[in-house]
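*Asks:* Okay, here's the structure, questions in a sec.
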Amino acid sequence: MKDFDRRQLLQGASLLGGGLALSSMLPGWAQSATAGLAPAMPTLTGTNIDLTISHARVAVDGRASHTLTINGTSPGPLLRLKEGQSVRLSVKNDLSEETSIHWHGVLVPFQMDGVPGVTFPGIKPGETFVYEFPVIQSGTYWYHSHSGLQEAEGHFGPIVIDPKDADPVAHDREHVVVLSDFSFMHPHMVFKRLKQQPGLFNYQKETLPGLLAGKDQTLKERVEWAGMRMDPTDISDVTGAVLKFLINGHGPRDNWTGLFKPGERVRLRFINSAAQMVFDVRIPGLKLLIVAADGQNVRPVEVDEFQIGNAETYDVIVQPTEDRAFTLVAEAVDRSGMARGTLAPRAGMTAPVPPLRERPLATMKDMGMDMGAMTMGGGSPSSGGMAGTAGMAGMPGAVPGTAPPKPRGFDAMGGMKMSMRDPRNAPGVKMGPGVQTIAPMPINRTAEPGQGLQSVGHRVLVYRDLIALAPNPDTRTPSRSLDIRLTGNMERFMWGFDGEKFSETTKPYAFRNGERVRVTLINDTMMAHPIHLHGHFFDLVHGPAGFRPRKHTVIVLPGGTVAWDFTAVPGDWAFHCHMLYHMHAGMFQVFSVRLLEGRGAA
């Protein structure tokens, strides 16, 4: 990405500010997509929609900074579409660099998917590209750039597609809640510093006082982890030390507010558009009824909190009955900060903001070395606490109707081997500097809450809670299986699949049109990864047959596995970690659906 000069920046801000001033008393440079209660989030509908990508200045918690905008706002305008319509989206590039838009979770022909170098050449400066496709689904989705690190600069926005028939989710009011992270440091500088010094932005490392107080690891554990060059506090590469966490473009001090009338059923459409941060969401004093995940309706499940990975969406019903305000908390997974907003019956109301909770520590389970988790019992899939119930069924390579492979990592007496880089545990991985660890005993962790939520004292959503509301469209038994290892070197900030970053690979993962395949993702790293497959929904392998939850993005916990079945659709489809800096560092691949030989082909 080329740096823009001051003249370009001021010109863009001047042009932008004039248009925005028509709708608000605030100066144009201070605008973001919603200024709390008014004006409402800009909304575009219809069959022909024009979008312009440009530079601007915005204010976050009172401080002005550069951002990328869509039609003058960041987040961009809400695109409100209708299932069954066709839409024509003309995207003009007013930047001095290439740009693009990917319609995240929206099923489109692959030529309209918006990934430069994979499905189209990108949108050059000064050019306009027309995306055109039928809308064949409903739900909560979003759109964002797939060029460079533009997503981290504000190039994203929400999509709501209303169903063509009656909506099964009854509600009186709705608010779209776009969660994001924002840095006053340019994302290319953030990436450069991540490459230069591991843990640079982690200000929550273990200390001597913590050791003496017995709050963190013991001395023996610290010595062992140091010997493996592991930091148990490295939960998120980029933290609140350099990030602000936003709701609809507003920082915690801005206090975005959504209104309600006591007794109303309020639908909150949560979208995590953050470049790097996973959030833990709760509204103290209110129960959260989960009714949809990644735009797909699920059987309602009531929880107190849920974790939302990068690029995931959740639809939630709340029903406040009291005439008071409630704080909406989206806490960073590493507890380095929070996005904060308010639900209230009237403007200007606030509620107490809870303090940040204690930051989590990675454990031996996160290394894929936890013996206790290999038991076959001991927990309910719908439990809000820790549930080590996956057992041998969570081992990679498990195919319907077959016994799982014998795990490695134990000696003849059943003792744990402490080798964290045994290539025999991952024969398909290309061993090199990009592979710091191989999990000896990875297990299915979809019955567990996310990191830091194991003992919060209330019910937390887990993937095993999700059951599809409508029957699955394809219930065939997979004809083959494919294991994909999530690999990385946190010390060098190198990320990839099966030991290779995208620039090193020579073949995509290949599939045949219409085939049903079970993919098992195995996380060999010490960090959670939200993995996204373009152009498809996949069925998580749990729940009642025929009603498995369908998602487009799933968090794979450290040392964990996630298995899903999918039906291959023709085209070339991006497959990647949705932590932007991980994808930029190489955790990206292509699912190529055609009758050609390739990686993983039968």
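Bear in mind that the values in this text are calculations on the coordinates, not laboratory data. None of the values given here were measured: they were computed from a predicted structure. Please note: Cβ atoms are built from the backbone with ideal geometry, for glycine as well, and neighbour counts cover all protein chains shown.
*Asks:* If I model a spin label as a point 7 Å beyond the Cα along the Cα-Cβ vector, how far apart are those points for Asp162 and Glu127 in nm?
*Replies:* For Asp162 paired with Glu127, the spin-label model returns 3.6 nm.
*Asks:* Next up: Order these by the 10 Å Cβ neighbour count, fewest first: Lys92, Lys261.
*Replies:* Ordered from fewest to most neighbouring Cβ atoms within 10 Å, Lys92, Lys261 come out as Lys261, Lys92.
*Asks:* Something else: Could you give the nm distance between label points at Gln319 and Arg265, where each point is 7 Å from its Cα heading toward the beta carbon?
*Replies:* Calculated label separation equals 0.7 nm.
*Asks:* Place a point 7 Å from the Cα of Lys287 along the Cα-to-Cβ direction; which residues of the range 293-326 have their backbone N under 11 Å from it?
*Replies:* 301-304, 319
*Asks:* Same structure again: Determine the gain in length on full extension of the stretch Ala347-His186; use 0.36 nm per residue of separation and subtract their C-alpha separation, reporting nm with one decimal.
*Replies:* In short, 54.5 nm is gained.
*Asks:* At a 10 Å Cβ-Cβ cut-off, how would you order Thr313, Thr475, fewest neighbours first?
*Replies:* Thr475, Thr313
*Asks:* So which trypsin sites (Lys or Arg not before Pro) in the range 116-196 pass both tests, a DSSP loop state and at most 15 other Cβ atoms within 10 Å of the Cβ?
*Replies:* Filter output for the range 116-196: Lys164.
*Asks:* Here's something else I'd like to know. Which parts of the range 177-195 would a label at Glu504 reach, counting a residue when its backbone N lies under 18 Å from a point 7 Å out along Cα-to-Cβ?
*Replies:* Correct set: 195.
*Asks:* Using the Karplus equation 6.51 cos²θ - 1.76 cosθ + 1.60 (θ = phi - 60°), what ³J(HN,Hα) coupling, rounded to whole Hz, does each residue of the range 495-505 give in order, writing x for Gly and Pro?
*Replies:* 9, x, 10, 6, x, 10, 7, 4, 5, 9, 7
*Asks:* Can you compute the label reach from Asp172? Point 7 Å from Cα along the Cβ direction, backbone N cut-off under 17 Å, restricted to the range 257-277.
*Replies:* Flagged as within label range: 258-268.
*Asks:* Between Val60 and residues 5 or more places away or on another chain, which pairs have amide H atoms under 5 Å apart, with H built 1.01 Å from N, and which residues are they?
*Replies:* Ser65
*Asks:* Using the crude model of +1 on Lys and Arg Cβ and -1 on Asp and Glu Cβ, and no other charge, please compute the dipole size for the range 271-368 relative to its Cα centre, in debye to 20.
*Replies:* Once rounded to the nearest 20, the dipole reads 200 debye.
*Asks:* What percent do you get for the relative contact order of the range 60-169 when only Cα pairs under 8 Å and 6+ apart count?
*Replies:* 37 percent
*Asks:* Below 8 Å between Cα atoms, with a sequence gap of 6+, how large is the relative contact order for the range 443-602 in percent?
*Replies:* Taking the mean separation of contacting Cα pairs over the length of the range 443-602, I get 29 percent.
*Asks:* Figure the gain on full extension for Ala40 and Glu491 (residue separation times 0.36 nm, minus the Cα-Cα span) and round it to one decimal in nm.
*Replies:* Gain on stretching Ala40 to Glu491: 158.0 nm.
*Asks:* Dividing the alpha-carbon radius of gyration of the range 46-165 by 2.2 N^0.38 Å (N being the number of residues), what value is obtained?
*Replies:* Normalised Rg, Cα atoms only: 1.04.
*Asks:* Taking only the C-alpha atoms, wrap a convex hull around the range 459-598 and report its volume per residue in Å³ as a whole number.
*Replies:* Spelled out: Cα convex hull of the range 459-598, divided by residues, is 111 Å³.
*Asks:* If N is the number of residues in the range 471-552, what value comes out of its Cα radius of gyration divided by 2.2 N^0.38 Å?
*Replies:* 1.26
*Asks:* Under 13 Å Cα-Cα from Lys82, which aspartates and glutamates qualify once same-chain neighbours fewer than 8 residues away are excluded?
*Replies:* Asp162, Asp165, Asp167
*Asks:* What is the local net charge at Leu68, summed over the other residues whose Cβ is closer than 12 Å to its Cβ (Lys, Arg +1; Asp, Glu -1)?
*Replies:* Every neighbour counted, the sum reads -3.
*Asks:* If you don't mind, another one. Over the range 259-358, what relative contact order in percent results from Cα pairs under 8 Å that are six or more residues apart?
*Replies:* 32 percent
*Asks:* Additional query: Would you order Asp165, Asp254, Asp474, Asp94 from fewest to most other beta-carbon atoms within 10 Å of each residue's own beta-carbon?
*Replies:* Asp165, Asp474, Asp94, Asp254
*Asks:* Still on this model: Which chymotrypsin sites (Phe, Trp or Tyr not before Pro) does the range 141-207 hold that lie in a coil by DSSP with at most 16 other beta carbons within 10 Å?
*Replies:* Loop-located and lightly packed - Phe184, Tyr203.
*Asks:* So which of Lys195/Lys551; Lys244/Lys507; Lys192/Lys287; Lys164/Lys261 end up more than 30 Å apart by C-alpha?
*Replies:* Lys195/Lys551; Lys244/Lys507; Lys192/Lys287
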